[in-house]
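Worksheet for the structure shown next.
The values are calculated or read from the model by the stated rules, or taken from the named source; none is laboratory data. As the structure is a prediction and not an experimental result, all values here were calculated from the model. Cβ placement follows ideal geometry from the backbone for every residue including glycine, while neighbour counts extend to all protein chains displayed. Just so you know, the surface numbers come from the protein's heavy atoms only, side chains and all, with ligands and any DNA or RNA stripped out. Shrake-Rupley method; radii C 1.70, N 1.55, O 1.52, S 1.80 Å.
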Amino acid sequence: MTDASVTLNSAKLAADDLFRRKRLIALAVPALALAYLVYIAISFDVAGLTRRASLNNAAILASDTWSYKVHVTRDNRRGGTTYAIEGERKGTYEEGTRPAWINDESDDALIIDLGEGHVVQFLPDNAAVYDVPGFGRIETQLVDGSIRTNLTEPIPDWINLSDKRITITTEAGRMSMTRTRTEVLRYFAGWEMFWFTLDSPYHGRSFTEIAVGDRIDPTRGNLSGAVSDIWNNGMWRHKDVAWAMGETILMAFLGTFGAAIIALPLAFLAARNFAPLALVRGFTRRIFDFLRGVDALIWTVVLARAFGPGPLTGALAILVTDSGTFGKIFSESLENVDEKQIEGVSSTGAKPLQRYRFGVIPQVVPVLLAQILYFLESNTRSATIIGAITGGGIGLLLTQAIQTQKDWEEVAYYIVLVILMVMVMDWFSGWLRGRLIGRKD
């Protein structure tokens with residue numbers, strides 16, 4: 001066999017080997033990807049999650065964020081019916097008054113018209129009837145502590161029935177009956193009583209009536225009285241919300257700039273060109289690693305145990321975490337300064353502190369300010385979550401609203417405020433960055 005034949009065979013064997021490897025890789029990658037997806041499905045119990053998912057509950061929650069409910073509630077133990085917006089005390093109609101879509105055509109029945117042909121009747125002896133268009137009449141009654149109905153199998157999925165409770169959910173509203181009460185909820189679009197509660201004389205008045213109309217409350221002027229009632233709104237708590245927003249911004253501000261003040265001098269000890277001793281540099285850098293290696297939420301829990309809850313604890317958590325992050329960023333910036341500028345300042349006879357002040361700081365200020373302002377914007381968002389743990393700021397109000405499982409319109413309100421706050425902080429940091437550093441068009 002000639003050398004040319006040997007070379008040709010070797011090349012062919014190498015090509016075949018390369019082809020087999022590529023084919024093996026082409027088969028192995030999809031197999032590994034499939035195995036990984038199967039592992040995820042098992043680990044995260046995707047099948048169980050799918051079984052537990054309730055699109056109906058998700059739809060109710062979503063509608064609660066942009067609408068409000070009027071509660072018509074009958075006490076099944078003591079008797080009597082109340083009418084309240086969102087079931088709140090401040091939203092309860094005064095005795096003898098009620099919404100126009102509720103009437104009593106007789107002494108024995110209370111007629112609740114939910115619209116589109118949906119009618120609920122509260123009858124004597126803890127009985128109720130719901131006329132559902134296209135389905136028929138649903139009769140319910142509380143007898144000896146158990147729910148009795150005229151429903152037969154199969155029961156629609158929009159009806160949740162047991163011997164202790166029945167809930168009927170339709171596009172017009174919701175009716176439920178338990179041992180203690182029978183309740184009907186009717187939804188309306190909007191955030192009712194966002195400005196004035198029912199006990200305010202300005203509720204239901206137009207802006208024109210308040211601004212230029214006759215005096216509504218004899219004891220105070222229209223504008224001053226309206227502003228006072230808005231500010232002290234007992235349901236939407238505008239005064240508390242404004243204070244909480246201020247606490248959140250203050251947490252972010254104190255934590256961010258406090259961390260920058262602490263990190264800057266320590267950064268000189270971690271920079272190679274300013275701290276010649278390797279032991280000092282290594283020790284300082286490990287401190288930075290420790291501070292930023294523990295998440296701000298963990299520091300929040302630790303500091304809350306040490307100092308108690310409050311917005312100051314949240315600011316300290318941000319300060320501790322950002323001190324480590326700023327220390328690393330600042331030390332790297334210091335290691336990249338131009339030595340010629342420092343030498344130029346030194347040639348004038350400047351002392352060490354003057355060399356730092358006029359030869360180093362002007363070089364790193366643009367980078368430092370850009371990072372500080374970016375973290376200020378980012379920490380504004382983080383302060384919302386930290387506040388939920390430390391018991392301060394808008395995060396606390398947001399958590400409380402979520403935990404009630406009923407005031408989802410307030411949850412939406414707080415989320416909108418957080419988004420607006422972040423947008424304002426983004427604009428402010430950009431404007432301040434432009435003023436301090438300058439813009440490049």
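Quick notes on this structure:
- Electrostatic dipole magnitude of region 34-159 [Cβ: Lys, Arg +1; Asp, Glu -1; Cα centre; debye, to 20]: 580
- Chymotrypsin sites (Phe, Trp or Tyr not before Pro) restricted to region 32-62 and DSSP loop, no more than 15 other C-beta within 10 Å: Phe44
- For region 145-157, 3J(HN,Hα) per residue [Karplus equation, 6.51 cos²θ - 1.76 cosθ + 1.60, θ = phi - 60°, Hz, x = Gly/Pro]: x, 10, 8, 10, 9, 9, 6, 10, 5, x, 8, x, 6
- In order through region 313-321: 3J(HN,Hα) via Karplus (6.51 cos²θ - 1.76 cosθ + 1.60), integer Hz, x for Gly, Pro: 5, x, 5, 5, 5, 5, 4, 5, 5
- The share of accessible area on the chain that comes from carbon and sulfur is 61 percent, using a 1.4 angstrom probe.
- C-alpha long axis of helix 361-390 to longest principal axis of the chain, angle in °: 30
- With Cα atoms, 0 to 90° folded angle of helix 222-231 axis to the chain main axis: 70
- This model, with +1 at the C-beta of Lys and Arg and -1 at the C-beta of Asp and Glu, gives region 240-323 a dipole about its Cα centre of some 520 debye.
- Nonlocal amide H pairs with Thr92, under 5 Å, H built at 1.01 Å: Ile85
- With respect to the chain, whose longest principal axis is taken over its alpha-carbon atoms, helix 393-404 is tilted by about 40°.
- Taking every lysine pair in the chain that is 8 or more places apart or spans two chains, those with Cα atoms closer than 19 Å amount to 6.
- Residues of region 385-422 falling in the label zone of Asp45, defined by backbone nitrogen less than 12 Å from a point 7 Å along Cα to beta-carbon, are absent.
- For the chain, built as a Gaussian network whose Cα springs stay under 10 Å, the top-fluctuating residue of Arg272, Arg205, Arg20: Arg20
- Contact order normalised by residue count of region 140-294, Cα under 8 Å, 6+ apart, percent: 10
- Total charge dipole magnitude, the chain, about the Cα centre, Cβ charges on Lys, Arg, Asp, Glu only, Debye to nearest 20: 2440
- Whole-angstrom Cα spans of region 63-111 along principal axes, big to small: 36, 23, 19
- Derived scalar couplings ³J(HN,Hα) [region 296-307; Karplus, 6.51 cos²θ - 1.76 cosθ + 1.60; whole Hz; x for Gly, Pro]: 4, 5, 5, 4, 4, 5, 5, 5, 5, 5, 7, 10
- Across region 120-181, the mean sequence separation of Cα contacts (distance under 8 Å, 6 or more residues apart), normalised by length, yields a relative contact order of 20 percent.
- Result for the chain in a Gaussian network model with C-alpha springs under 10 Å: among Asp240, Asp113, Asp163, the largest mean-square fluctuation is at Asp163.
- Counting only DSSP H runs of at least 4 residues, each contributing -39500 (n - 2.57), and dividing by the residue count of the chain, the helix-based mean residue ellipticity at 222 nm comes to -18500 deg cm²/dmol.
- Solvent-accessible surface of the chain, taken per residue with a 1.4 Å probe and all protein chains present: 59 Å².
- Largest GNM mean-square fluctuation across Lys90, Lys22, Lys239, computed for the chain with C-alpha springs under 10 Å, falls on Lys22.
- Less than 5 angstrom separates the built amide H of Asn233 from those of His238, Lys239, all sequence-distant by 5 or more or on a different chain.
- Oblate is the label for the chain. Its Cα gyration tensor axes, ordered a ≥ b ≥ c, give a/c of at least 1.5 and b/c at or above a/b.
- √(5λ) per eigenvalue of the Cα gyration tensor, region 111-229, largest first, Å: 42, 16, 12
- Positive-end residue of Ile85, Leu303, Val280, charge dipole of the chain with Cβ unit charges: Val280
- For the chain, relative contact order (Cα pairs under 8 Å, six or more residues apart, normalised by length) works out to 12 percent.
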